[in-house]
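Engineer: Before anything else, here's the structure in question.
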């Protein structure tokens, strides 16, 4: 049994419970040689002869899968599956699974951290203080404000709880809204247009699909409240970054907090030069607790499928 392991936080030299499980199960392990997400062409020589694949945020194309005649399972280390060609995997009989909920608390923490950082311009003030300046910057409070959560899954629900701890009014939009949960937890269920026009702060927690790509585009942003804060810890393609730049410069968007980008890393992005933008390097899931959860869960999923046991987290 040969397994490819590509998540950059899953290291062969770090003894963990997940690594021990893999070593006990597999005859051969192959690890990511470049310490970054891999593209389809880079994956082909690594996946040849592999029965299973613990996948990071690599680009898994139909061409990649066509070159892997032994591959039986792709076990995503994380929840997002937008970089996996699911139709191609299904056509080739390759099972795809993921780890829903494993990193929810970590992502929700960073979402709130970005909201606070943008509202009070914490990174800019930190830089200026280190440079010997003593700037007075007028931020905005999040106490009592309305937060609009786009996507009320496990992460969205976790953000809602944190926001309520700051006495925020919580609205949520989800195409598959859990109305019972919303009613029981004082969350106002709203349609998309109502939410983006009403919220002072918007936090994105939707998957990236053809329907959600650029869901926060120029028209949507122009319909938002002046001074709105937008935070994205989900997928970069949800926001039209080019449209956001002009609206950030004009002040219509008060601030933007991004952990994910249309291009990663965001080289030469105009966003990098704006003080009302806070940027982090796709790090939301990267806590000690979250990486342990994702590693354990992705390995268990892979072993269950290759052993013929039931796996509750199969996508296709």
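Engineer: Only residues that are more than 18 Å from residue 80 (Cβ to Cβ) and part of a loop (DSSP other than H, G, I, E, B): list them for the stretch 55-69, please.
Structural biologist: 67, 68, 69
Engineer: Restricting attention to the stretch 14-54, and to residues there that are in contact (Cβ under 8 Å) with a residue 40 or more places away in the chain and part of a loop (DSSP other than H, G, I, E, B), which single residue is farthest from residue 77 (Cα to Cα)?
Structural biologist: The selected residue is 49.
Engineer: Does any residue of the stretch 252-259 turn out to be out of contact with any strand residue (DSSP E or B) (no Cβ under 6 Å at 6 or more places or on another chain), at pLDDT 95 or above, surrounded by fewer than 18 Cβ atoms within 10 Å (Cβ to Cβ) and not in a loop (DSSP other than H, G, I, E, B)?
Structural biologist: no
Engineer: Something else about it: Any residue at all in the stretch 111-127 that's buried (at least 22 other Cβ atoms within 10 Å of the Cβ), more than 29 Å from residue 251 (Cα to Cα) and touching a helix residue (DSSP H, G or I) at 6+ places or on another chain (Cβ under 9 Å)?
Structural biologist: Looking for residues that are buried (at least 22 other Cβ atoms within 10 Å of the Cβ), more than 29 Å from residue 251 (Cα to Cα) and touching a helix residue (DSSP H, G or I) at 6+ places or on another chain (Cβ under 9 Å), one finds none in the stretch 111-127, hence no.
Engineer: Mind listing whichever residues of the stretch 273-316 are free of Cβ contacts under 8 Å to residues at least 40 places away in the same chain, surrounded by 16 or more Cβ atoms within 10 Å (Cβ to Cβ) and assigned to a helix (DSSP H, G or I)?
Structural biologist: 304
Engineer: Here's a follow-up. Considering the stretch 71-92 alone, what residues qualify as being surrounded by fewer than 20 Cβ atoms within 10 Å (Cβ to Cβ), within 23 Å of residue 29 (Cβ to Cβ) and at pLDDT 95 or above?
Structural biologist: Across the stretch 71-92, the qualifying residues are 72, 92.
Engineer: Does at least one position in the stretch 205-223 carry a residue that is within 28 Å of residue 137 (Cβ to Cβ), in contact (Cβ under 8 Å) with a residue 24 or more places away in the chain and in contact with a strand residue (DSSP E or B) (Cβ under 9 Å, 6 or more places away or on another chain)?
Structural biologist: Yes, that holds for at least one residue.
The values are calculated or read from the model by the stated rules, or taken from the named source; none is laboratory data. Computed from a predicted structure; not experimentally measured. So basically every Cβ, Gly included, is an ideal-geometry build from the backbone, and we count neighbours across all protein chains shown.
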